[in-house]
Amino acid sequence: DTGVSQDPRHKITKRGQNVTFRCDPISEHNRLYWYRQTLGQGPEFLTYFQNEAQLEKSRLLSDRFSAERPKGSFSTLEIQRTEQGDSAMYLCASSPDRGADTQYFGPGTRLTVL
Amino acid sequence: SQKIEQNSEALNIQEGKTATLTCNYTNYSPAYLQWYRQDPGRGPVFLLLIRENEKEKRKERLKVTFDTTLKQSLFHITASQPADSATYLCAPPDSSASKIIFGSGTRLSIRP
């Protein structure tokens, strides 16, 4: 299967620790998106990449969050000094071309900050 | 700024009936709109895309309408089945069309 994959699927960490998530998009998809989703809400946009360039970052995103896509393929999302409010599902999606094309989502990484 | 609103309450209907979900948007006019399905603990899955020049789009038991005057899209599932139970998300592009934005979703439950 060549769908979007995310690793890990679940992460439990203590407050103050750093965590890093990985996303592997569908091959040849140029765009890669990161979202955060909490219970009862739709996915909230965090950031997106066109190939290796990070084109937009949500103004709501804390400086503790950083994302990279160094070779235009997989991407990582790092959260530094985690807080309990960071507990959420982190979703990655990819799309083939233009900005608002249909997106293909991965299974998500569930983060729990204790 | 643009706003997307979906029925916040869960929708419970009897198997075999038609489910109708509503998505309203304000403060802008998207050129198209997408609908996604999301099952618990999983990522959303694309269902349908409808453009502003299309009044209606169908796919099997699914039908979507797009009323640019009312600023509303309706999502219908006919002959509903328990397997249709999920959360359905409305997702138009943002005003710059650089990304899509999601409504909060409507949870649909189909009882046998």
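At a glance:
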{"item": "Using a Förster distance of 25 Å, the FRET efficiency for B:ARG58-A:LEU39 (Cβ separation, nearest 0.05)", "result": "0.20"}
{"item": "Carbon/sulfur fraction of accessible area - chain A, other protein chains in place, 1.4 Å, %", "result": "44"}
{"item": "Hull-based mean projected area of the range A:1-52, where the convex hull spans the alpha carbons, in square nanometres", "result": "5.0"}
{"item": "Most fluctuating residue given options A:ASP97, A:ASP24, A:ASP63, as computed from a GNM of chain A linking Cα atoms under 10 Å", "result": "A:ASP63"}
{"item": "Chain B: relative contact order as a whole-number percent, Cα under 8 Å and 6+ apart", "result": "36"}
{"item": "Surface per residue (accessible, 1.4 Å probe) for chain A, Å²", "result": "52"}
{"item": "Quarter of Cα convex hull surface for chain A, i.e. mean projection, nm²", "result": "6.7"}
{"item": "For A:SER87, distant residues with modelled amide H under 5 Å away", "result": "A:VAL113"}
{"item": "Extreme residue, positive dipole direction of chain B, given options B:PRO82, B:SER95, B:ALA19 (C-beta unit charges)", "result": "B:PRO82"}
{"item": "Solvent-accessible area buried by B and A, counting both chains, probe 1.4 angstrom, square angstrom", "result": "1400"}
{"item": "Inverse of mean 1/r across different Cα pairs in chain B, Kirkwood, Å", "result": "14.1"}
{"item": "Reference-scaled alpha-carbon Rg (2.2 N^0.38 Å with N residues) for the range A:56-107", "result": "1.29"}
{"item": "Where only alpha carbons of the range B:1-47 are counted, the Rg and the Dmax (Å)", "result": "13.3, 39"}
{"item": "Dipole in debye (nearest 20) - chain A, about Cα centre, beta carbon charges: Lys, Arg +1; Asp, Glu -1", "result": "440"}
{"item": "Residues of the range B:82-98 buried by at least 50 Å² on assembly (accessible area, 1.4 Å probe, chain alone as reference)", "result": "B:SER98"}
{"item": "Vicinal HN-Hα couplings computed from phi for the range A:28-43 (Karplus, 6.51 cos²θ - 1.76 cosθ + 1.60; Hz; Gly/Pro x)", "result": "6, 7, 7, 9, 9, 10, 10, 10, 10, 9, 10, 4, x, 10, x, x"}
{"item": "Semi-axis lengths, Å, the protein assembly as shown, gyration tensor of Cα atoms, sqrt of 5 times eigenvalues", "result": "30, 20, 16"}
{"item": "Calculated on alpha-carbon atoms, Rg and Dmax of the range B:44-86 in Å", "result": "11.4, 33"}
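The values are calculated or read from the model by the stated rules, or taken from the named source; none is laboratory data. None of the values given here were measured: they were computed from a predicted structure. Cβ coordinates were reconstructed from backbone atoms using ideal geometry, including for glycine residues, and neighbour counts include every protein chain displayed. The accessibility values were calculated without ligands, DNA or RNA, using every heavy atom of the protein model including side chains. Shrake-Rupley method; radii C 1.70, N 1.55, O 1.52, S 1.80 Å.
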